[in-house]
Amino acid sequence: MVILSKQSIQQLSSNSFMRNSMASAASSSPAFLSEVPLIDLSSPDAKQLIVKACEELGFFKVVNHGVPMEFISTLESESTNFFSLPLSEKQKAAPPSPFGYGNKQIGRNGDVGWVEYILLNTHLESNSDGFLSIFGQDPQKLRSAVNNYISAVRNMACEILELMAEGLKIQQRNVFSKLVMDEESDSVFRVNHYPPCPQIQALKGMNMIGFGEHTDPQIISVLRSNNTSGLQISLADGNWISVPPDQNSFFINVGDSLQVMTNGRFKSVKHRVLTNSLKSRISMIYFGGPPLSEKIAPLPSLMKGEERSLYKEFTWFEYKRSAYNSRLADNRLVHFERIAAS
């Protein structure tokens, strides 16, 4: 567990921030999701179970994922060390433009949360040694640690995407994974730190938003966190359900782009993070995205009979630009939906 000093907590606190975060907070604590779809990647029926989970929730947990625990623990340890630094040291990597260190502000359109974070390009040569050196160790050593983790998680994400394609009976097994493996893939890696929020105890049943509700715009997101709770997903009926933490497994989110490519068959899951009054939460997320020039549209092989496309074709660059010009909770896909003929 990360213990922040009183000064560090005060760095995140302000009256206006508290008001903004509480305005979006839930008034009661949702129940935990009793059964998160669990996929054993070594199981023969993994592909069918993945498709079922993507259709019903857009969210599932994977075990036997093949990512060495050494890679996970090393990167989490280095991230913890970084977030424990004085704010003045962390701000040497700020502001995120788009890569670097961020504190409270999420994006550029007014969203805030009880969170600080690091955003990295998965093409690590794009992240300078000067930036990596703020972690307090040899930049090349850290570069190697991040590289090892991202490479392992990318491989797992591609395995999952290929199992999806098999489960959908698509002849081209790499139809999704090739976009993430492309040298021009626009994928990013994010480490979020949610400090403990002692003020919650005085809120009398209210919750503090760490990261507001949103969907991920990319194809797939691969999340791993420590054993502190906070992650919630929204069900089809609009109810929020808490996801039990599991530091030894990975959670998978369907992204907006994958929803489009499956013509709405897979659901991009809306999710958020609530803060904890006593414990810090560290999460590491790999966002697998296509090249900027890639055209995103429903796959013809998934269109049945006279089924029509629900979405207009767009490039990932166009969608990414739209996403960055919107608020977190906005339905970004609505701008790319086809209007049904009356």
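The values are calculated or read from the model by the stated rules, or taken from the named source; none is laboratory data. For clarity, every value in this text was computed on a predicted model and none was experimentally measured. Counting neighbours? That spans all protein chains shown, and the Cβs are built from the backbone with ideal geometry, glycine included. Please note that ligands, DNA and RNA were not included when accessible areas were found on the heavy atoms of the full protein model with its side chains. Shrake-Rupley method; radii C 1.70, N 1.55, O 1.52, S 1.80 Å.
Kindly indicate whether any position in the range 54-69 is more than 17 Å from the chain's Cα centre (by Cα) and under 22 Å from Lys270 (Cα atoms).
Yes, the range 54-69 contains a residue that is more than 17 Å from the chain's Cα centre (by Cα) and under 22 Å from Lys270 (Cα atoms).
I'm trying to understand the selection: among the residues of the range 255-285, which are among the polar types (S, T, N, Q), closer than 17 Å to Glu337 by Cβ and either touching a Lys or Arg at 6+ places or on another chain (Cβ under 9 Å) or part of a loop (DSSP other than H, G, I, E, B) (or both)?
Residues satisfying the conditions are Gln259, Thr262, Asn263, Ser268.
Would you tally the residues in the range 282-316 being over 25 Å from Asn155 (Cα atoms), charged (D, E, K, R) and touching a residue at least 24 places away in the same chain (Cβ under 8 Å)?
3
Restricting to the range 87-105, what's the tally of residues that are more than 19 Å from Thr122 (Cα to Cα) and without any contact (Cβ under 8 Å) to a residue 40 or more places away in the chain?
Residues flagged as more than 19 Å from Thr122 (Cα to Cα) and without any contact (Cβ under 8 Å) to a residue 40 or more places away in the chain within the range 87-105 amount to 3.
Being within 18 Å of the chain's Cα centre (by Cα), surrounded by fewer than 20 Cβ atoms within 10 Å (Cβ to Cβ), touching a residue at least 60 places away in the same chain (Cβ under 8 Å) and not in a helix (DSSP H, G or I) narrows it down to one residue among Ile241, Ile170, Ile252; which is it?
Result: Ile241 is the single residue among Ile241, Ile170, Ile252 that is within 18 Å of the chain's Cα centre (by Cα), surrounded by fewer than 20 Cβ atoms within 10 Å (Cβ to Cβ), touching a residue at least 60 places away in the same chain (Cβ under 8 Å) and not in a helix (DSSP H, G or I).
When the residues of the range 184-196 are filtered to those that are assigned to a loop (DSSP other than H, G, I, E, B) and under 16 Å from Leu120 (Cα atoms), which remaining residue is least open to solvent (accessible area, probe 1.4 Å)?
Ser187
So that you can scan it fast, the table gives a plain yes or no per residue for (1) aliphatic (A, V, I, L, M); (2) within 30 Å of Ala46 (Cβ to Cβ):
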site: Asn64; (1), (2): no, yes
site: Glu78; (1), (2): no, no
site: Asn81; (1), (2): no, no
site: Pro86; (1), (2): no, no
site: Ile106; (1), (2): yes, no
site: Asn109; (1), (2): no, no
site: Val112; (1), (2): yes, no
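Using the structure shown, decide if Gly66 is out of contact with any Lys or Arg (no Cβ under 8 Å at 6 or more places or on another chain) and in contact (Cβ under 8 Å) with a residue 24 or more places away in the chain.
In short, yes.
Residues in the range 305-342 that are in a helix (DSSP H, G or I) and out of contact with any Leu (no Cβ under 6 Å at 6 or more places or on another chain): how many?
12
Only one of these is of a type in the set (A, V, I, L, M, F, W, C) and either under 18 Å from Leu328 (Cα atoms) or open to solvent by less than 30 Å² (accessible area, probe 1.4 Å) (or both): Leu292, Leu310, Leu274. Name it.
Only one candidate passes the filter, namely Leu274.
Would you mind stating whether Ser280 is crowded, with 19+ Cβ neighbours inside 10 Å, at pLDDT below 95 and under 18 Å from the mean Cα position of the chain (by Cα)?
Considered against the rule, which asks whether it is crowded, with 19+ Cβ neighbours inside 10 Å, at pLDDT below 95 and under 18 Å from the mean Cα position of the chain (by Cα), Ser280 comes out as yes.
What do you reckon, is Glu313 over 14 Å from the mean Cα position of the chain (by Cα) and within 25 Å of Lys47 (Cα to Cα)?
no
Is at least one residue of the range 315-335 aliphatic (A, V, I, L, M), under 13 Å from Asp256 (Cβ atoms) and open to solvent by 80 Å² or more (accessible area, probe 1.4 Å)?
Within the range 315-335 (the criterion being aliphatic (A, V, I, L, M), under 13 Å from Asp256 (Cβ atoms) and open to solvent by 80 Å² or more (accessible area, probe 1.4 Å)), the answer is no, since none of the residues qualifies.
When you look at Tyr311, is it touching a Pro at 6+ places or on another chain (Cβ under 7 Å), at pLDDT 95 or above and within 23 Å of Glu184 (Cβ to Cβ), yes or no?
In short, yes.
Considering (1) at pLDDT 95 or above; (2) among the β-branched types (Val, Ile, Thr); (3) in a loop (DSSP other than H, G, I, E, B), say which one Thr228 fails and leave the rest.
Every condition holds for Thr228 apart from (1).
Spot the failing condition for Ser257; the list is (1) closer than 24 Å to Asp111 by Cβ; (2) open to solvent by 40 Å² or more (accessible area, probe 1.4 Å); (3) out of contact with any Cys (no Cβ under 8 Å at 6 or more places or on another chain), and only one is missed.
Tallying (1) closer than 24 Å to Asp111 by Cβ; (2) open to solvent by 40 Å² or more (accessible area, probe 1.4 Å); (3) out of contact with any Cys (no Cβ under 8 Å at 6 or more places or on another chain), Ser257 fails exactly one: (2).
Could you say which residue among Gly305, Gly264 is touching a Pro at 6+ places or on another chain (Cβ under 9 Å) and on the phi > 0 side of the Ramachandran plot?
Residue meeting the stated conditions: Gly264.
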